[in-house]
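Structure record follows, encoded as structure tokens.
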């Protein structure tokens, strides 16, 4: 990779999922915890693609749920590195909701995740070589 910007661009991660009944609550909307799990996974994949190191989540920032995500919709998770430190990076994850049978699409969840690169001894190591 030539530059940090190129590395960030190439590590952007997009995951699509259908919202099935086994992921919903008694209101037939996506469980918040399930959404957070999917976001953490997207952040982890993005950070790993960026660093090509072993990464672990160390914190999350405020996660905003602006609208419920009903069963039978498609969600797209978009994760992108937003900041890079010596041993860590911050990944912004957005969830977009799409109706299966129209072109309606809107951002419904956004949050930030901090991940740290770790070595064999599970201690932080530099994220960039």
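All of the numbers you see were taken from the coordinates with simple rules; none came from a lab. Source: prediction; values computed, not measured. Don't worry about glycine lacking a Cβ; one is built from the backbone with ideal geometry, like all the others, and counts go over all protein chains shown.
Below is a table of values for the structure above.
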quantity: Extension gain (nm, one decimal) between residue 64 and residue 100, 0.36 nm per residue minus Cα-Cα; calculated: 10.6 nm
quantity: Helix-only CD estimate at 222 nm, as mean residue ellipticity for the chain, using -39500 (n - 2.57) per DSSP H run (n ≥ 4); calculated: -7000 deg cm²/dmol
quantity: Degrees separating the helix 32-51 axis from the principal Cα axis of the chain, which is the longest one; calculated: 30 degrees
quantity: Relative intensity, log₁₀ I(q)/I(0), of the chain from a Debye sum that treats every alpha carbon as a point, q = 0.12, 0.13, 0.23 Å⁻¹; calculated: -0.48, -0.55, -1.25
quantity: Relative packing of 8-14, 72-78, which averages over residues the other C-beta atoms within 10 Å, highest first; calculated: 72-78, 8-14
quantity: Listed peptides 120-128, 47-55, 93-101 by packing density, highest first (mean Cβ within 10 Å); calculated: 47-55, 93-101, 120-128
quantity: Anisotropy class of the stretch 58-129 from Cα gyration tensor, a/c 1.5 cut; calculated: prolate
quantity: Normalised contact order of the chain, rounded percent, pairs of Cα under 8 Å and 6 or more residues apart; calculated: 28 percent
